[in-house]
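J.: Have a look at this one.
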Amino acid sequence: MNRLVLIGNGFDLAHGLKTSYADFIYWYCRSVISYLLLQSKDVYEDILCKTINNKLDYYNLRDLYHSENEELYNFINNNEDAFVIDYFPFFERIHKCIETKGWVDIESDYYELLKKYVLENTSEAQIETLNTQLHYLQEKLVEYLNSIEISDKLLRTDIRPKIYAPFEIHDISLESRQALVNHILSGINADKGSRDTKLSLYGNCYSSGRITSYKEKFFCNVVFNDELPIELLLPNHIMLLNFNYTHTADLYCKKGYIFTVNQIHGDLNNPKSVIFGYGDELDNDYRTIVNKNENKFLENIKSIKYLEADNYRRLLSFIEAEPYQIVIMGHSCGNSDRTLLNTLFEHKNCVSIKPYYYKWGKGEKDDNYIDLVQNISRNFKDMKLMRDRVVNKTYCKPLVSN
């Protein structure tokens, strides 16, 4: 039995990295101020917006450039006497979302605007402009993320054991308990050399202790001792499925055939490989878009972009090979990846979906477990299956310790 770890932006945020889309937009606003400041210009214009410095002199611009992100962003948007800003439709949606929510999902905003244009039979020229704007944002995003330094100093000791933890009975869905039994029996029947090799590859990655207690001595018509050697409960292979463009996940991937990182959405070292768009073929309006028979409408669909590299094929090989547990670390499981997530969540080999949630306070409800599970549920067609496979909160933990 294997483990598939879904790595989302919350994983990078847990390491103190400013990689959210809101952070990216703050950086973009700072670059506008930088242009006005360093080029001694009063007007900045690109495909997203036009900004006119109507009031501020050099020294005020300099002070604004060195202000905090939110302070800078709020000043630009709330001081119409200082700046005159003409937002183009796509960037206006992004701006309003950050202004009202404090966060934004650029890919979802793109898809919602694309649907609006297609369903209202907007001119193809406007859709071409929308696609060009998304590509421009993608280029800027790559530039921004490349400016963020990632080093071994970021590695967190409270995340590492969660990735390499042994399987727990209560995490496995009822319909898949036999898969865990088979995994244990396979280890029991393996020669000692193979077991020792597997244990050595894990090293001290898992939680402390060589032995784990089993409260259930009898299940699936097999009797086990109260305690089992921990190597019998370790995954055969672990794939870190990294939805980020950064390489923070690499910090946790030991060298050896057991562990791999799959940069499913591309690599910053190869900007052309970056996949930035939408992936919700379960949406009710998606078929309408397809039936328009216009390739421009499908230019940024993720499931098509996956065919430009072998990352998706390697993922399929992984989930087809053996039963696997899904562990979620920092991925919101939102609709922008729904096509792929549905494939993973409802696959016959999926035995468990364990979300590690974000906790911001000491209160019982000061976490996003329910929000995360609600998002997970939208990626299922079979809700009975969802309720069996998703691990309940009793057995889940926050991703990081505050």
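J.: What are the residues in segment 37-78 that are over 29 Å from the mean Cα position of the chain (by Cα), free of Cβ contacts under 8 Å to residues at least 24 places away in the same chain and over 30 Å from Gln126 (Cβ atoms), if any?
T.: Leu38, Gln39, Ser40, Asp57, Tyr58, Tyr59, Asn60, Asp63, His66, Ser67, Phe75 - these are the residues of segment 37-78 that are over 29 Å from the mean Cα position of the chain (by Cα), free of Cβ contacts under 8 Å to residues at least 24 places away in the same chain and over 30 Å from Gln126 (Cβ atoms).
J.: On to the next question. For segment 6-30, how many residues are among the basic types (Lys, Arg) and under 16 Å from Cys49 (Cα atoms)? Talk me through it step by step, then tell me what you get.
T.: Step one: of segment 6-30, the residues among the basic types (Lys, Arg) are 18, 30.
Remaining after also requiring under 16 Å from Cys49 (Cα atoms): 30.
So the count comes out to 1.
J.: Report yes if Glu107 is surrounded by fewer than 19 Cβ atoms within 10 Å (Cβ to Cβ) and of a type in the set (D, E, K, R), otherwise no.
T.: Numbers: surrounded by fewer than 19 Cβ atoms within 10 Å (Cβ to Cβ): no; of a type in the set (D, E, K, R): yes.
No; evaluated as a whole, the condition is false for this residue.
J.: Just one of Ala125, Ala165 is open to solvent by less than 50 Å² (accessible area, probe 1.4 Å), among the small types (Gly, Ala, Ser) and out of contact with any Cys (no Cβ under 8 Å at 6 or more places or on another chain); which is it? Write out each step before concluding.
T.: Values: Ala125 fails: open to solvent by less than 50 Å² (accessible area, probe 1.4 Å).
One residue alone meets the criteria, Ala165.
J.: Search segment 388-402 for residues being open to solvent by 20 Å² or more (accessible area, probe 1.4 Å) and in a loop (DSSP other than H, G, I, E, B), and hand back the single one that is nearest to Asp280 (Cα to Cα).
T.: Of everything passing the filter in segment 388-402, Asn392 is nearest to Asp280 (Cα to Cα).
J.: Taking Ser332 as the residue in question, decide whether it is at negative phi, free of Cβ contacts under 8 Å to residues at least 40 places away in the same chain and open to solvent by 60 Å² or more (accessible area, probe 1.4 Å).
T.: Details: at negative phi: yes; free of Cβ contacts under 8 Å to residues at least 40 places away in the same chain: no; open to solvent by 60 Å² or more (accessible area, probe 1.4 Å): yes.
Taking the combined requirement at face value, the residue does not satisfy it.
J.: I would also like to ask the following. When only residues in segment 188-200 that are surrounded by 13 or more Cβ atoms within 10 Å (Cβ to Cβ) and either among the β-branched types (Val, Ile, Thr) or touching a strand residue (DSSP E or B) at 6+ places or on another chain (Cβ under 8 Å) (or both) count, which is nearest to Pro229 (Cα to Cα)?
T.: Applying the filter and picking the extreme gives Arg195.
J.: So is Leu385 within 15 Å of the chain's Cα centre (by Cα), farther than 22 Å from Ser108 by Cβ and surrounded by 11 or more Cβ atoms within 10 Å (Cβ to Cβ) or not?
T.: Details: within 15 Å of the chain's Cα centre (by Cα): no; farther than 22 Å from Ser108 by Cβ: yes; surrounded by 11 or more Cβ atoms within 10 Å (Cβ to Cβ): yes.
The answer is no for Leu385.
J.: Could you tell me how many of the residues in segment 315-329 are in contact (Cβ under 8 Å) with a residue 60 or more places away in the chain and either outside any loop (DSSP other than H, G, I, E, B) or open to solvent by less than 20 Å² (accessible area, probe 1.4 Å) (or both)? It would help to see each step written out before you state the result.
T.: Start the filter on segment 315-329 by keeping residues that are in contact (Cβ under 8 Å) with a residue 60 or more places away in the chain, which leaves 315, 318-319, 321-329.
Now restrict to residues that are either outside any loop (DSSP other than H, G, I, E, B) or open to solvent by less than 20 Å² (accessible area, probe 1.4 Å) (or both): 315, 318-319, 321, 324-329.
Number satisfying all stated conditions: 10.
J.: Only one of these is part of a helix (DSSP H, G or I) and within 30 Å of Lys354 (Cβ to Cβ): Gly16, Gly10. Name it. It would help to see each step written out before you state the result.
T.: Numbers: Gly16 fails: part of a helix (DSSP H, G or I).
Step by step, each of Gly16, Gly10 is checked, and only Gly10 is part of a helix (DSSP H, G or I) and within 30 Å of Lys354 (Cβ to Cβ).
J.: Write out, first by first residue and then by second, each pair whose Cβ atoms fall under 7 Å of each other, whose residues are 6+ apart or on separate chains, and whose first residue, in segment 128-144, is without any contact (Cβ under 8 Å) to a residue 60 or more places away in the chain while the second is β-branched (Val, Ile, Thr).
T.: Going by the 7 Å Cβ cut-off, there are no qualifying pairs.
J.: Here's a follow-up. Output yes when any residue across segment 43-53 is part of a loop (DSSP other than H, G, I, E, B), exposed (fewer than 13 other Cβ atoms within 10 Å of the Cβ), out of contact with any strand residue (DSSP E or B) (no Cβ under 8 Å at 6 or more places or on another chain) and charged (D, E, K, R), and no when none is. It would help to see each step written out before you state the result.
T.: The first filter runs over segment 43-53 and keeps only residues part of a loop (DSSP other than H, G, I, E, B), leaving 46-48.
Still in the list and also exposed (fewer than 13 other Cβ atoms within 10 Å of the Cβ): none.
No: segment 43-53 contains no residue that is part of a loop (DSSP other than H, G, I, E, B), exposed (fewer than 13 other Cβ atoms within 10 Å of the Cβ), out of contact with any strand residue (DSSP E or B) (no Cβ under 8 Å at 6 or more places or on another chain) and charged (D, E, K, R).
J.: Consider Asp337 against the criteria (1) in a strand (DSSP E or B); (2) within 20 Å of Thr248 (Cβ to Cβ): it satisfies all of them except one. Which criterion is unmet?
T.: Going through (1) in a strand (DSSP E or B); (2) within 20 Å of Thr248 (Cβ to Cβ) one by one, Asp337 breaks only (1).
J.: Same structure again: (1) open to solvent by less than 30 Å² (accessible area, probe 1.4 Å); (2) outside any loop (DSSP other than H, G, I, E, B); (3) out of contact with any Asp or Glu (no Cβ under 7 Å at 6 or more places or on another chain); (4) within 26 Å of Thr260 (Cα to Cα): which one isn't true of Phe297, the others all being true?
T.: It is condition (4) that Phe297 fails.
J.: Name the one entry in Gly279, Gly256 that is open to solvent by less than 10 Å² (accessible area, probe 1.4 Å), in contact with a Leu (Cβ under 7 Å, 6 or more places away or on another chain) and of a type in the set (Gly, Ala, Ser). If you could, list the steps in order and put the result at the bottom.
T.: Details: Gly256 fails: open to solvent by less than 10 Å² (accessible area, probe 1.4 Å).
The match here is Gly279.
J.: Continuing with this model, one more query. Can you tell me which residue is surrounded by the most Cβ atoms within 10 Å (Cβ to Cβ) among those in segment 348-377 that are modelled with pLDDT under 95 and among the basic types (Lys, Arg)?
T.: The extreme case among them is Lys359.
J.: So, one more: In segment 42-57, what residues are out of contact with any helix residue (DSSP H, G or I) (no Cβ under 6 Å at 6 or more places or on another chain) and within 18 Å of Glu80 (Cα to Cα)? Let's see the steps before the verdict.
T.: Step one: filter segment 42-57 for residues out of contact with any helix residue (DSSP H, G or I) (no Cβ under 6 Å at 6 or more places or on another chain), giving 42-43, 45-46, 50, 52, 54-57.
If the condition is that a residue be out of contact with any helix residue (DSSP H, G or I) (no Cβ under 6 Å at 6 or more places or on another chain) and within 18 Å of Glu80 (Cα to Cα), then Asp42, Val43, Glu45, Lys50, Ile52, Asn54, Lys55, Leu56, Asp57 are the ones that fit.
J.: State all residues of segment 11-32 that are touching a Lys or Arg at 6+ places or on another chain (Cβ under 9 Å) and either over 30 Å from Arg156 (Cα atoms) or without any contact (Cβ under 8 Å) to a residue 12 or more places away in the chain (or both); if no residue qualifies, say none.
T.: The answer is Ser31, and nothing else.
The values are calculated or read from the model by the stated rules, or taken from the named source; none is laboratory data. Because the structure is predicted, anything quoted here is derived from the model rather than measured. In this analysis, Cβ positions are derived from the backbone assuming ideal geometry, glycine residues included, and neighbour counts consider all displayed protein chains. Side chains included, ligands, DNA and RNA excluded: accessible areas come from the protein's heavy atoms. Shrake-Rupley method; radii C 1.70, N 1.55, O 1.52, S 1.80 Å.
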